[in-house]
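The structure appears below as structure tokens.
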């Protein structure tokens, strides 16, 4: 591989930016990587582990001379960060972001973009339940989607160059209109996260069941909810506040549907339940066939678990 | 290890019974293993893969002379199966079941248990999203809980012997009152499953988002729901119908709680959301510390994903 950007500035040094740093180094994709994080602790950690070539105490210094700037902060902080760095951007630079919501990020960031600078919004569909500068790893994006939602007047060459970087880090890219992105993600990510948080919260303050029981007997089902519900609280607060309409729309549909199934349980309508569960099983098959998960029996992820022969 | 039961009869040859067969063989825990399944296809498959020493065409033949009989059929079928085998049970035999609901199984099975036969209800908290005679593997129960809900007049020696078998298969045992079991499992397993089924169903008939999009972009969150929602439809239909009260109770609490969070999103109350998500994160920590899951970042389960250093 060869260098795609001479100088990449990472603003925010959490899981995504950290994984980008590892992936760009592994592939030799960036000539020089600078970084900035708001918290002094994060900057210190990043320096200790050598996450970037240089970590600066201000975003302005970090972006100086960069031909790619990556905004990797919570969605609610994107606008402020962009306003801060705008006067310091190099002419012709590309700005991208990695936020989970696109319409509100565009609304917050675009007004601050100086003429001659290319803003190309993006969203890697990759992550773990861990966060912080130590959580990144080079293979995070491998075989994962990275959605780009370029604005109508986007510079085709700038988009193609960013696309090359993303592809070189192992991800697959796709382009999508920002509003549609926000609806699709409300279904596949935002609503599921809120639901998982809710179920874990219910378990937490159910007095007749002890915390210890909830924890000990979490193996089937609940454990996967807690995994989702362990994701970064600030990131997720911002996602819900910034993708409010789509998330509330999907949650409304979810509640309707849940009431239909609750009613089937109450009325003892086994046929309706069985039909429903048979349909949902087919969707799982589609996800495995699309290569978005493996068939290995994950529920049995005890030490030594292995797929059936 | 040494033989704990001379002859074990497995009634129903799905994931749990199959995994028991593998585990008992691996540990040399049963002198002879017989099996029966209602479906001729399942019996044929079990014979082809040599799952048991002998597979019979009737439950009566399978249980003849067995000192342990395991009822491993859907919860709704337990009563009928027990009525069929009751006249053929050896004196002093132990009957156990592996159903996910205990009160209704006890109500259905106990009346048919002949004098001198020991009925000890049980529930292994282990499984995968796969089912059928080919889905079992010996390590399924390793480090997993297996709850026993013996009746007040249970024979202590018979319970201790069953406990030895379960422990020898790698599981940890605990005892619990049947009603409490059903509530705990409604929280940790039954409600989460219904919720996952519901969310997958919502995604399935949302016209503005294509099936392909739902499948392609399922990486963060939704994918884990589809995994849960791929579990056996018949088993789960029976669980909900047979643990109706506790499941509806928990789902009612869940809906209340979800409405509170939806309202916080609608009102833009970021503090409430952040506080909530911070609490749920702590529960995840508890589950990892209790050894019920690993800290490896499962969201990044792309080929080559590895834990952060």
### Query
At residue B:167, with labels set 7 Å past Cα in the Cβ direction, how many nm apart are the copies from this one, shortest first?
6.0
### Message
Tell me the volume per residue, in Å³, of the convex hull enclosing the alpha carbons of the stretch B:5-176.
### Response
98
### Task
Take the alpha carbon atoms of the stretch B:1-59, find their center, do the same for the stretch B:177-198, and report the distance between the two centers in whole angstrom.
28
### Summary
Under the helix-only model (-39500 (n - 2.57) for each DSSP H run of 4 or more, divided by the residues of chain B), the mean residue ellipticity at 222 nm, to 500 deg cm²/dmol, is -14000 deg cm²/dmol
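Within a 10 angstrom radius of the beta carbon, how do B:267, B:199, B:20, A:235 rank from fewest other beta carbons to most? Could you put the intermediate results ahead of the total?
Working: B:267 11, B:199 29, B:20 26, A:235 21.
Ranking B:267, B:199, B:20, A:235 by Cβ neighbours within 10 Å, fewest first, gives B:267, A:235, B:20, B:199.
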### Message
Using only the alpha-carbon atoms, how far is helix A:270-289 inclined from the longest principal axis of chain A? Give it as 0 to 90 degrees, nearest 10.
### Response
30
### Task
Grab the residue from chain A whose Cβ hugs the A-to-B rotation axis most tightly, plus its distance in whole angstrom.
A:224, 2
### Neighbour-count order for A:274, B:130, fewest beta carbons within 10 angstrom listed first
A:274, B:130
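Per residue of A:249-262, how many C-beta atoms from partner chains lie within 10 Å of its own C-beta, taken as a mean?
Details: counts 2, 5, 7, 2, 7, 8, 6, 2, 8, 11, 3, 2, 7, 10.
The mean count of partner-chain Cβ atoms within 10 Å per residue comes to 6.
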## Note on the structure
Least to most buried among B:75, B:159, B:113, A:239, by other C-beta atoms within 10 Å and fewest first, runs B:113, B:159, B:75, A:239
### Query
With r defined as the distance between the Cβ atoms of residue B:83 and residue B:61 and R0 fixed at 25 Å, what FRET efficiency is calculated, to the nearest 0.05?
0.95
### Message
What does DSSP give for chain A in terms of the percent of beta bridges that are antiparallel, rounded to the nearest 5?
### Response
10
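With an 8 Å cut-off on Cα pairs and a minimum separation of 6 or more residues, tell me the relative contact order of chain B in percent. All intermediate terms of the calculation are to be shown ahead of the outcome.
Details: 489 pairs, mean separation 47.7, N = 309.
Once normalised by length, the contact order is 15 percent.
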### Query
If you count the DSSP beta bridges with both ends in the protein assembly as shown, what percent of them are antiparallel, to the nearest 5?
10
### Task
Could you grab the relative contact order for the stretch B:5-176? Cα pairs under 8 Å, six or more apart, rounded to a whole percent.
25
### Query
For the protein assembly as shown, what's the radius of gyration and Dmax over Cα atoms, in angstrom?
26.8, 89
### Summary
With one decimal in nm and the nearest listed first, the spacings from residue B:210 to its own position in the other copies, using label points 7 Å along Cα-to-Cβ, are 5.3
### Task
Would you kindly work out, in nm and rounded to one decimal, the distances from the label point of residue A:65 to those of the same position in each other copy, ordered shortest first, with label points 7 Å along Cα-to-Cβ?
8.7
### Query
What angle, in degrees between 0 and 90 and rounded to the nearest 10, separates the Cα long axis of helix A:156-168 from the longest principal axis of the Cα atoms of chain A?
60
### Query
Helix B:233-242 sits at what angle to the longest principal axis of chain B, using alpha carbons and giving 0 to 90 degrees rounded to 10?
90
### Message
Which of the three applies to the stretch A:99-196, rounded, prolate or oblate, going by the alpha-carbon gyration tensor with a ≥ b ≥ c and a/c under 1.5 meaning rounded?
### Response
oblate
### Message
Could you check the spin-label model distance between residue A:256 and residue B:208? Points 7 Å from the Cα along Cα→Cβ, value in nm.
### Response
1.2
### Task
Would you mind classifying the stretch B:94-137 by shape? Square roots of the alpha carbon gyration tensor eigenvalues, ordered a ≥ b ≥ c; an a/c under 1.5 is rounded, otherwise it is prolate if a/b is larger than b/c and oblate if not.
prolate
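Given a Förster radius of 56 Å and the C-beta distance between residue A:47 and residue A:271 as r, what FRET efficiency does 1/(1 + (r/R0)^6) yield to the nearest 0.05?
Working: r = 62 Å, r/R0 = 1.11.
Calculated value: 0.35.
What is the gain in length, in nm to one decimal, between residue A:263 and residue A:2 on full extension, counting 0.36 nm per residue of separation less the C-alpha to C-alpha distance?
88.0 nm
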### Kirkwood hydrodynamic radius of chain B, from inverse mean 1/r over distinct Cα pairs, in Å
21.2
### Query
When Rg is the radius of gyration of the Cα atoms in the stretch B:42-130 and Rh is its Kirkwood radius, what does Rg/Rh come to?
0.97
### Task
Could you tell me what % of all Cα pairs in the stretch B:180-300 have separations over 21 Å?
55
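Using only the Cα atoms, what convex hull volume per residue in Å³ does the stretch B:11-64 have? Display every interim value, and only then the final one.
On the way: hull volume 3.6 nm³, N = 54.
About 66 Å³ per residue, rounded to a whole number.
A short reminder: the numbers here are calculations on the coordinates, not readings from a lab. Since we're looking at a predicted model, the values are computed, not measured. Methodologically, a virtual Cβ is constructed for each residue, glycine included, from the backbone with ideal geometry; neighbour enumeration extends over all protein chains shown.
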